[in-house]
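Notes for the one structure printed next.
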Amino acid sequence: MAKHATPQLDQLESGPWPSFVSDIKQEAAMRAKNPKGLDYQIPQDCPDDLLGVLELSYAEKETHWKHGGIVGVFGYGGGVIGRYCDQPEQFSGVAHFHTMRVAQPSGKYYNTKFLRDLCDIWDLRGSGLTNMHGSTGDIVLLGTQTHQLEEIFFELTHNMHVDLGGSGSNLRTPEACLGQSRCEYACYNTQDMCYQLTQDYQDELHRPAFPYKFKFKFDGCPNGCVCAMARSDFAVVGTWKDDIKIDQDKVKAYVGGAIRPNAGAHAGRDWGKFDIQAEMIDRCPSRCMKWDGAKLSIKTADCVRCMHCINTMPQALRIGDERGASILVGAKAPVVDGAQMGSLLMPFISCEAPYDDVKEVIEKIWDWWMEEGKNRERVGETMKRLSFQKLLEVTKIPATACHVKEPRSNPYIFFKEEEVPGGWQRDLVAYRKRHQR
Amino acid sequence: MVFISSGYNPEKPMENRITDIGPHKYDEYFPPVIKKNLGKWLYHEILEPGVLMHVAENGDKVYTVRVGGTRTMSITHIRELCDIADQYCGGYLRWTTRNNVEFMVTNEAAMKKLRDELDSRKFEGGSYKFPVGGTGAGISNMVHTQGWVHCHTPATDASGPVKCVMDAIFDDFKNMRMPAPVRIALACCINMCGAVHCSDIGLVGIHRKPPMIDHQWADQLCEIPLAVAACPTAAVRPIKVEYNGEKVNSIAVKQERCMYCGNCYTMCPALPISDGEGDGIAIMVGGKVSNRISMPKFSKVVVGYIPNEPPRWPTLTNTVKHIVEVYAANARKYERLGDWAERIGWESFFKLTGLEFTHHLIDDFRDPAYYTWRQSTQFKF
Ligand code: HEM
Ligand code: SF4
Ligand code: SF4
Ligand code: SF4
Ligand code: SF4
């Protein structure tokens, strides 16, 4: 018997898509039954109370979670997010309901032992509810109480050898696409770079010293499966420099209809016979491909490596051999100063472990941003306020035409004093000798 | 309830303390076929909606079955996923960026059994537990944020509207009839934890009323200068007010300047902003992150406000479904929603979809606004 009546939420159990309400209810029933005879360390009925408070929100159309509350584990500034209900009398099971972020393995592969161990901890010491995963990428354990935080941290680190993720004004848990583990498009080992940098920057991850959050994300190619260049302050996106590799026989197989274009992604509708001219050659953004009926050629110098032709013929076309990545900086969501997309900073880096070249750029950006950034200012906003040139200057990267979509259209150019012959100190007396007042 | 110690000693918090060990190494949990072929994959094919086949240089194959998942997931549900992975996949599984779950096997017969098994399981309430789909030119799982389930600033719920939208477009999760992939995301406030600003369709919770001011608590709960500095439109200023006969330090908000972003509330709990009548959802379309063919771009607001209508959110779901259908009927193969809208022009987008263009859709936030106004006589009547 459910603890609270939830007439509105019950309506979210119908329909085909997996119902989170049904799932929370099944957890509530499981906890009520307690088949393992656990001595639950936080209230047994917390999933019931979570449904109760959510039903209240559905009735009033307002949230019932309080703002803030500083909790955490000793020595860390991130990884735990304090959460308190503003109706604690009615819903005592979720009066305190803190979130813990757990560092996920990059690419999010798991074995069942790891997951079951995590479930066991969260059964005993938490609500039994999670987010798999949070928007930043980590495993999110949803709902526990303050006195359990150190216990959970102890069990995570001692028994599972895994750490908390980031929250607050620090490096957030980095995230990578699955890359070379299962994708032929990956231009570098995204998971390895993600893992390596996560390990190297544990201090930045756990002890907030930044003006605001900072995110790394790693995409293996310009398809951008983890949206690195849209939602990370520092995006590493795989690319290549040389020719796209072409298997002409396979191209013919696509043209002849022996292989389905785009790996079969359009199989749900009859789009007619594959037309290489219309679907590939004419859609190439830089018009750098030619098909003469027998041979496909690509003018590499004009290719912008958009992936369209490769996606369209994955068996015939392949990324080049001179592989690496581009780095884009400054993407963010609207808060505070409007949404920003990442801007290209390094056209190409080679991505060899231990990634010292990448780290060098990161650290220069951090030094500058920590010095100049205002409270709650993302690095993208600092760039906007102090200019992209400033970012080039602090990272010592020479300006190239790759850095812009187009050159500036206003001539309000800031010159440095040393860039102008004679400097800025001028002789008014001498001037007045030439020009009367 | 008896307190059970993990071994942690609060008297000596530093004793045996382990810190800064980070995540497990990624390849610890690779299924053997993945471990063997790292960096050696040759090509892939989508065999049917939700089923991928990757072929390695040496001829090895891995079949991936992808299922939709709720982001908010219980441990009972995770344990069920583990049971399936133990039975079929040697104990390995993975999650995708869009909260789908993937199971991998190495032969086609096992894939079919696994697929049928996953598709057969249902919750007591009737919904699927592990629907197979979400690949190619279809509609994948929605990324979303916390909403009323767990966050303090939402203007709408997250899991609820997501459930309803996914119900409405469920057929397209299991099919690939779209011109190109359609990515949908929901953020319950403009903080946008979920990168909504670059999805083909983004649903964003918005407030429409300036914050209330809790003079009784302002000075005790807030760093007032932080709240002042947080406001992007300089609507917040410090003042002294009479409260219960006493002069107290507090905050004033110039209401006509406020755009209800909630930044000040994030800095100062004495400025609550959520409101049952005022809050709701804006619909944005045409964003993308991929560099394929055209450049990545932000989504654009095409519906300025839809009221919160729990529990089934009918106006929202109908509008999303309608946009998807008009796009599917009109766009060219490979053309993302935003590329289609740009090709036909936004005038035509509004005409075809029948969505009403109102003054709310003209940008008025700082410099970026100017770049969105039309500086040409080329337009469509
Ligand atoms: C010493 C010579 C000049 C001075 C002192 C001068 C000064 C100004 C000033 C004060 C403005 C108004 C700026 C504002 O509204 O914020 C202006 C606008 C403008 N000036 Fe000049 N100007 C000079 C020469 C020129 C010349 C030679 C040209 C072009 C051949 C020119 C093109 C313009 C244009 C196009 C605007 C209007 C910009 C707009 O409407 O936004 N100016 N100028
Ligand atoms: S971003 Fe590129 S390399 Fe990474 S998974 Fe996506 S398509 Fe593959
Ligand atoms: S990758 Fe893009 S730009 Fe390069 S040849 Fe292919 S379609 Fe053209
Ligand atoms: S988008 Fe806003 S309301 Fe939603 S979880 Fe993030 S901060 Fe909270
Ligand atoms: S809600 Fe945003 S715009 Fe309004 S007063 Fe607060 S910070 Fe300023």
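Take residues that are aromatic (Phe, Trp, Tyr) and within 21 Å of A:Tyr109 (Cβ to Cβ) and tell me which of the strands (runs of 3 or more DSSP E) falling wholly in the stretch B:1-86 contain 1 or more.
Once the strands (runs of 3 or more DSSP E) in the stretch B:1-86 are filtered for at least 1 residues that are aromatic (Phe, Trp, Tyr) and within 21 Å of A:Tyr109 (Cβ to Cβ), what remains is B:41-48, B:61-67.
Conditions (1) of a type outside the set (Ser, Thr, Tyr); (2) part of a loop (DSSP other than H, G, I, E, B); (3) at pLDDT below 95, marked per residue:
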| position | (1), (2), (3) |
| --- | --- |
| A:Ala2 | yes, yes, yes |
| A:Trp17 | yes, yes, no |
| A:Ile24 | yes, no, no |
| A:Gln41 | yes, yes, no |
| A:Val53 | yes, no, no |
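Of these, A:Pro314, A:Pro285, which one is in contact with a Cys (Cβ under 6 Å, 6 or more places away or on another chain), outside the structural domain of A:Phe218 (by TED's automatic domain parsing), of a type outside the set (Phe, Trp, Tyr) and assigned to a loop (DSSP other than H, G, I, E, B)? Even if it seems obvious, please write down each step before you answer.
Values: A:Pro314 fails: in contact with a Cys (Cβ under 6 Å, 6 or more places away or on another chain).
Checking each option against the conditions leaves just A:Pro285.
Take the residues of the stretch A:101-123 that are more than 7 Å from every other protein chain (Cβ to nearest Cβ) and in contact (Cβ under 8 Å) with a residue 60 or more places away in the chain: which is most open to solvent (accessible area, probe 1.4 Å)?
Among those residues, the one meeting the criterion is A:Arg101.
Suppose we filter A:Lys299, A:Lys241 for residues that are surrounded by fewer than 17 Cβ atoms within 10 Å (Cβ to Cβ), touching a Gly at 6+ places or on another chain (Cβ under 8 Å) and closer than 30 Å to A:Cys351 by Cα; which single one remains? Before you say what the answer is, go through the steps one by one.
Numbers: A:Lys299 fails: touching a Gly at 6+ places or on another chain (Cβ under 8 Å).
Among A:Lys299, A:Lys241, only A:Lys241 is surrounded by fewer than 17 Cβ atoms within 10 Å (Cβ to Cβ), touching a Gly at 6+ places or on another chain (Cβ under 8 Å) and closer than 30 Å to A:Cys351 by Cα.
Go through the stretch A:143-230 and tell me which helices (runs of 4 or more DSSP H), entirely inside it, have 3 or more residues that are away from ligand 3 (no atom under 16 Å from the Cβ), open to solvent by less than 30 Å² (accessible area, probe 1.4 Å) and more than 9 Å from every other protein chain (Cβ to nearest Cβ). Don't jump to the end; show me each part of the working.
Details: elements: A:149-159, A:190-200, A:202-206.
In the stretch A:143-230, A:190-200 are the helices (runs of 4 or more DSSP H) which contain 3 or more residues that are away from ligand 3 (no atom under 16 Å from the Cβ), open to solvent by less than 30 Å² (accessible area, probe 1.4 Å) and more than 9 Å from every other protein chain (Cβ to nearest Cβ).
Of the conditions (1) of a type outside the set (A, V, I, L, M); (2) open to solvent by less than 30 Å² (accessible area, probe 1.4 Å); (3) farther than 24 Å from B:Val204 by Cβ, B:Gly90 clears all except one; give me its number.
Status for B:Gly90: all satisfied but (2).
Here is a list of conditions, (1) under 24 Å from B:Pro368 (Cα atoms); (2) outside the structural domain of B:Val182 (by the TED database); (3) part of a strand (DSSP E or B), and B:Tyr260 meets all of them except one; can you say which number that is?
Looking at each condition in turn, B:Tyr260 falls short on (3).
For B:Met178, indicate whether it is in a loop (DSSP other than H, G, I, E, B), more than 7 Å from chain A (Cβ to nearest Cβ) and either over 15 Å from B:Gly69 (Cβ atoms) or not aliphatic (A, V, I, L, M) (or both).
On the way: in a loop (DSSP other than H, G, I, E, B): yes; more than 7 Å from chain A (Cβ to nearest Cβ): yes; either over 15 Å from B:Gly69 (Cβ atoms) or not aliphatic (A, V, I, L, M) (or both): yes.
Considered against the rule, which asks whether it is in a loop (DSSP other than H, G, I, E, B), more than 7 Å from chain A (Cβ to nearest Cβ) and either over 15 Å from B:Gly69 (Cβ atoms) or not aliphatic (A, V, I, L, M) (or both), B:Met178 comes out as yes.
Against the definition (over 30 Å from A:Val21 (Cβ atoms), facing chain A (nearest Cβ under 7 Å) and modelled with pLDDT under 95), how does B:Pro13 come out, yes or no? Break it down stepwise before answering.
Values: over 30 Å from A:Val21 (Cβ atoms): yes; facing chain A (nearest Cβ under 7 Å): yes; modelled with pLDDT under 95: yes.
So B:Pro13 fits the description; yes.
Cβ-Cβ below 7 Å, separation at least six or inter-chain, first residue in the stretch B:187-216 and more than 11 Å from chain A (Cβ to nearest Cβ), second among the polar types (S, T, N, Q) and outside any loop (DSSP other than H, G, I, E, B): which pairs?
Correct list of pairs: B:Pro210/B:Gln255; B:Ile213/B:Ser250; B:His215/B:Ser250.
Please list, ordered by first then second residue, the pairs with beta carbon atoms under 6 Å, 6 or more apart or interchain, first in the stretch A:84-100 and under 15 Å from A:Glu55 (Cα atoms), second surrounded by 16 or more Cβ atoms within 10 Å (Cβ to Cβ) and aromatic (Phe, Trp, Tyr).
A:Cys85/A:Phe91
For every residue, the table says whether it meets (1) in contact (Cβ under 8 Å) with a residue 12 or more places away in the chain; (2) under 32 Å from the mean Cα position of the chain (by Cα); (3) open to solvent by less than 10 Å² (accessible area, probe 1.4 Å).
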| site | (1), (2), (3) |
| --- | --- |
| B:Asn9 | no, no, no |
| B:Asn16 | no, no, no |
| B:Tyr43 | yes, yes, no |
| B:Val51 | yes, yes, yes |
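For the stretch B:171-193, enumerate the residues that are closer than 16 Å to A:Gly224 by Cβ and open to solvent by 10 Å² or more (accessible area, probe 1.4 Å). Reasoning before the result, please.
Narrowing the stretch B:171-193 to residues closer than 16 Å to A:Gly224 by Cβ: B:180-183, B:185.
Once the filter is applied, which keeps residues that are closer than 16 Å to A:Gly224 by Cβ and open to solvent by 10 Å² or more (accessible area, probe 1.4 Å), the stretch B:171-193 yields B:Pro181, B:Arg183.
Considering only residues that are of a type in the set (A, V, I, L, M) and open to solvent by 10 Å² or more (accessible area, probe 1.4 Å), which ones fall in the stretch B:118-161?
Filtering the stretch B:118-161 down to residues of a type in the set (A, V, I, L, M) leaves B:118, B:132, B:137, B:139, B:142-143, B:149, B:155, B:158.
Matches in the stretch B:118-161: B:Val143 only.
Matching residues to (1) without any contact (Cβ under 8 Å) to a residue 12 or more places away in the chain; (2) open to solvent by 30 Å² or more (accessible area, probe 1.4 Å); (3) within 16 Å of ligand 4 (Cβ to nearest atom):
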position	(1), (2), (3)
A:Ile259	no, no, no
A:Asp270	yes, yes, no
A:Lys273	no, yes, no
A:Ala278	yes, yes, no
A:Asp282	yes, yes, no
A:Cys303	no, no, no
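Looking at A:Glu360, A:Glu377, A:Glu381, can you tell me which residue is surrounded by 10 or more Cβ atoms within 10 Å (Cβ to Cβ), in the same structural domain as A:Asn189 (by TED's automatic domain parsing) and more than 14 Å from A:Asp233 (Cα to Cα)? First the steps, then the outcome.
Values: A:Glu377 fails: more than 14 Å from A:Asp233 (Cα to Cα); A:Glu381 fails: more than 14 Å from A:Asp233 (Cα to Cα).
Going through A:Glu360, A:Glu377, A:Glu381 in turn, just one is surrounded by 10 or more Cβ atoms within 10 Å (Cβ to Cβ), in the same structural domain as A:Asn189 (by TED's automatic domain parsing) and more than 14 Å from A:Asp233 (Cα to Cα): A:Glu360.
The values are calculated or read from the model by the stated rules, or taken from the named source; none is laboratory data. Keep in mind that this is a model prediction, so the values were computed, not measured. Note that we place each Cβ from the backbone using ideal geometry, even for glycine, and neighbour counts take in every protein chain shown. Protein only, heavy atoms only, side chains kept; ligands, DNA and RNA dropped before computing areas. Shrake-Rupley method; radii C 1.70, N 1.55, O 1.52, S 1.80 Å.
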